[in-house]
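Enquirer: Please find one structure pasted underneath; my questions will follow.
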There are 2 protein chains.
Amino acid sequence: MHNEHSPDAAVAGPTSAITELLARFEAGQRTALARAISIVENQRPGFRELLRALHPRIGHAHRIGITGPPGAGKSTLTAALARHFRARGERVGIVAVDPTSPFTGGALLGDRIRMNEIGMDEGVFIRSMATRGSLGGLALTTREIADVMDAFGFDRVIIETVGVGQSELDIARSADSTLVVLVPESGDGIQAMKAGLMEVADLFAINKSDRPGADRLAREVAMMLHLRAGEALRDVPAHHGVDMKRAARRISGATHRARRMEEAGRQGRQAEPTPAVTRPDGPDGPDGPQPLSWEIPVLQTIADQEKGVAELADALDRHRAWLRESGELLERRRTRVADRVRDEVHRMLDRQVWQERGGEAILESSLDALVAGAETPYDVAARIVRAAGGNATDAPG
Amino acid sequence: MHNEHSPDAAVAGPTSAITELLARFEAGQRTALARAISIVENQRPGFRELLRALHPRIGHAHRIGITGPPGAGKSTLTAALARHFRARGERVGIVAVDPTSPFTGGALLGDRIRMNEIGMDEGVFIRSMATRGSLGGLALTTREIADVMDAFGFDRVIIETVGVGQSELDIARSADSTLVVLVPESGDGIQAMKAGLMEVADLFAINKSDRPGADRLAREVAMMLHLRAGEALRDVPAHHGVDMKRAARRISGATHRARRMEEAGRQGRQAEPTPAVTRPDGPDGPDGPQPLSWEIPVLQTIADQEKGVAELADALDRHRAWLRESGELLERRRTRVADRVRDEVHRMLDRQVWQERGGEAILESSLDALVAGAETPYDVAARIVRAAGGNATDAPG
């Protein structure tokens, strides 16, 4: 589990406190899960050895990201989905990324009441994370908490986050399947597009679909998906030599879909996916063998009446099956683990450059000259990189 | 202007193409400005030497960040403010960060028509930047383009961006004065708080204030500012030894306001700023000597009727005067230039670690083992850091 005998071992093996925690964690104790999450969330001593020890255990859970604009009913839908999965005997972990400001905490907490009910269930574990205006390290932490829940043995890990910016899209990238929730209000589809939500969606749910405009929005979204599919394929040459596995490793969440479409197009499969629009009480589309390209469904739900939830869960299952059969699941996991390595390298280098190798002191002693225009940010940066052992004589430009 | 004779010089002096461009730039040619911005925006060869050469020329412009939710009328208000400044004989540069998706470009471009009109004015220069779902390097680029405009000699540089996430808040941080624009619609104040906009605002404008609910929203925002002021002061001990100048250098946009309040509280000045609420056609509050703590005004505007715009411009001037007199302007510029150094160090290290020193190859050759759970992200990261010349034997945890 740990590497103290490996010539490459970077740190010592687990300390006794972590070893003890791991034993309780492996025995399935919820208190150990809670403690492990806290250690990871707050990067307390031992968080790295803990994550290292859990790493070989991850990969069972279906990670579902739920995002969308504020007020779309994401919490209610998350709770409804969790209840549905529980009724099938599955165990569910939930990471709720909550943009609650400390100043309005009371007002917004109402959203969580329904979720707290399901939190009483032994087969459900909920962790709320407040953003408090700072999303900097949150994508990283969310991914790591999802890992901890996965390692604990949950069948589904739902990551719920408000979808209003790039950082939240990074969080959605922690998921295998990303569900974007919209409500039938004027311009919601356009706002979703502005916020880049169209680019990450594997499934759409039009929630509160008993309100006027639900059908119209569903059609609008389906149409935008069509347009985008056409757009994505426009630039694809008939034959090209891109190594898709390499590309996948560098891919950003925003290009996931485009890449998948591109791949489908390149291989001569269905060139323009037809999004399926289904009513909450309507039929759920054909079952049977999964196509190699994924048709993004646009479902309608009324989460607080539990309508459309079973159909949504089925669509999520179809997406999971498609992920497995198409090889996309493996690609997404590769991307995710590569992200983890990059984040960790960045974390290590940051500490070394700024603290251990004097970057902070160089910057501080240069600030007056910088503000006065006597030194430039480029020269100071070069000095810091050299102090850190880097080569700062890079090419001009 | 450049450093080729300095023992610390990291790169050679400007190439002849850049020297020629600089001469035209310094002569005030708009085509040279446009070209300089393009070079910087796309990081074309020479962008670093260009920025280095321009660095000593920056510091004249008042940088105004305008942010707020989509649909708040930011573009219209930006255009109205620009016209107002122009009428006073000032020159105005505008950086419009446009989240337009390539798929809906047509629909959203309508917003820009009013702005294009003022773009015909020789004293105005507009640069639109599309985000296309990727905000990664945008904050950096926006800051650099604002620098180029500042160096060109504009009196005001307005940075307009949709305010829906952390990256956009980073962009707002490029400004001396940040104006948050809201509209009197249900829950707009709460959404602004959720998105962290309250934390960065120096001024609020309730735009479209002829709509119902404008007064209520203005009162709501003023009340939230009061609450927050109380909250920020709650944790402040009577005496403590924090070096505020040092703290300011590391400060994030989100804590700017809290720190200012903290400082005011610590020094026994007005403990709880009283936000001023003014109607578009009402009086504009007292003139005269500026207080050392800034009272965030909540103004009402109707941008497309030019109402409240003069009052808003006056409030921006008062804020600029306050920034200068309180020393806050210097602190913000220190923060900004420190950010620039950090970004540049990150850019240099990134290239070295991943490309020049084989990080990418190590990661790639480890991916299968990582996905299989045979290797952990922490061990692979440590190997990459060691390959880059770093010390990866960090303390556990």
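Enquirer: Which ones in the range A:157-183 are surrounded by fewer than 24 Cβ atoms within 10 Å (Cβ to Cβ) and modelled with pLDDT of 85 or more?
Expert: Hits for the range A:157-183 are A:Asp176, A:Val183.
Enquirer: Among A:Gly358, A:Gly308, which is more than 30 Å from A:Pro184 (Cα to Cα) and not β-branched (Val, Ile, Thr)?
Expert: On the way: A:Gly308 fails: more than 30 Å from A:Pro184 (Cα to Cα).
Result of the check over A:Gly358, A:Gly308: A:Gly358.
Enquirer: Collect the residues in the range A:338-391 that are hydrophobic (A, V, I, L, M, F, W, C) and in a loop (DSSP other than H, G, I, E, B), keeping them in residue-number order. I'd like the intermediate steps shown before the answer.
Expert: In the first step, residues of the range A:338-391 are kept if they are hydrophobic (A, V, I, L, M, F, W, C); the result is A:338, A:341, A:345, A:348-349, A:353-354, A:361-363, A:367, A:369-372, A:374, A:380-382, A:384-385, A:387-388.
Within the range A:338-391, A:Ala374, A:Ala388 qualify.
Enquirer: Show the residue pairs meeting these rules: Cβ distance below 6 Å; 6+ apart or different chains; first residue within the range B:328-356 and under 17 Å from A:Arg347 (Cβ atoms) and more than 7 Å from chain A (Cβ to nearest Cβ); second residue in a helix (DSSP H, G or I) and at pLDDT 90 or above.
Expert: Matching pairs, first to second residue: B:Trp354/B:Glu360.
Enquirer: Restricting attention to the range A:70-82, which residues are crowded, with 24+ Cβ neighbours inside 10 Å and out of contact with any strand residue (DSSP E or B) (no Cβ under 7 Å at 6 or more places or on another chain)?
Expert: Those that are crowded, with 24+ Cβ neighbours inside 10 Å and out of contact with any strand residue (DSSP E or B) (no Cβ under 7 Å at 6 or more places or on another chain): A:Ala79, A:Ala80.
Enquirer: So which residues in the range A:302-325 are over 20 Å from A:Gly73 (Cβ atoms) and touching a residue at least 24 places away in the same chain (Cβ under 8 Å)? Outline the logic, then answer.
Expert: Taking the range A:302-325 as the starting set, the residues that turn out to be over 20 Å from A:Gly73 (Cβ atoms) are A:317-325.
Passing the criteria: A:Arg318, A:His319, A:Arg320, A:Ala321, A:Trp322, A:Leu323, A:Glu325.
Enquirer: Suppose we filter the range A:328-349 for residues that are among the charged types (D, E, K, R) and over 16 Å from A:Gly59 (Cβ atoms); how many remain? Before you say what the answer is, go through the steps one by one.
Expert: From the range A:328-349, those among the charged types (D, E, K, R) are A:328, A:331-334, A:336, A:339-340, A:342-344, A:347; that's our starting set.
Then drop every residue that is not over 16 Å from A:Gly59 (Cβ atoms), which leaves A:342-344, A:347.
Final tally of qualifying residues: 4.
Enquirer: Something else now. Taking helices (runs of 4 or more DSSP H) that fall entirely within the range A:1-118, which contain at least 3 residues that are modelled with pLDDT of 90 or more and farther than 21 Å from B:Glu375 by Cβ?
Expert: Values: elements: A:16-26, A:30-41, A:47-54, A:74-87, A:105-109.
Per the criteria, A:16-26, A:30-41, A:74-87.
Enquirer: Now, a different point. Just for the range A:297-313: of the residues that are in a helix (DSSP H, G or I) and more than 22 Å from A:Asp150 (Cβ to Cβ), which one is farthest from the other protein chains (Cβ to nearest Cβ)? Break it down into steps so the answer makes sense when it comes.
Expert: Just the residues of the range A:297-313 that are in a helix (DSSP H, G or I), to begin with: A:303-305, A:309-313.
Still in the list and also more than 22 Å from A:Asp150 (Cβ to Cβ): A:303-305, A:309-311.
Numbers: A:Ala303: 19, A:Asp304: 18, A:Gln305: 23, A:Val309: 26, A:Ala310: 31, A:Glu311: 27 Å.
By that ranking, first place goes to A:Ala310.
Enquirer: Taking the residues in the range B:22-53 that are facing chain A (nearest Cβ under 9 Å), buried (at least 18 other Cβ atoms within 10 Å of the Cβ) and not charged (D, E, K, R) as candidates, determine which candidate is farthest from B:Glu90 (Cα to Cα). Explain how you work it out, then say what you get.
Expert: Narrowing the range B:22-53 to residues facing chain A (nearest Cβ under 9 Å): B:39, B:43-53.
Subset that is buried (at least 18 other Cβ atoms within 10 Å of the Cβ): B:39, B:46-53.
Now restrict to residues that are not charged (D, E, K, R): B:39, B:46-47, B:50-51, B:53.
Numbers: B:Ile39: 26, B:Gly46: 30, B:Phe47: 28, B:Leu50: 25, B:Leu51: 24, B:Ala53: 25 Å.
So the residue we want is B:Gly46.
Enquirer: Do you know which residues across the range A:368-382 are at the interface with chain B (Cβ under 7 Å from one of its Cβ atoms) and buried (at least 20 other Cβ atoms within 10 Å of the Cβ)? Give the steps one after another, and end with the answer.
Expert: Start the filter on the range A:368-382 by keeping residues that are at the interface with chain B (Cβ under 7 Å from one of its Cβ atoms), which leaves A:370-371, A:373, A:376-382.
Matches in the range A:368-382: A:Leu370, A:Thr376, A:Pro377, A:Tyr378, A:Asp379, A:Val380, A:Ala381, A:Ala382.
The values are calculated or read from the model by the stated rules, or taken from the named source; none is laboratory data. Values in this document were obtained by computation on a predicted structure and should not be read as measured data. Positions of Cβ are backbone-derived with ideal geometry, glycine not excepted, and every protein chain shown enters the neighbour counts.
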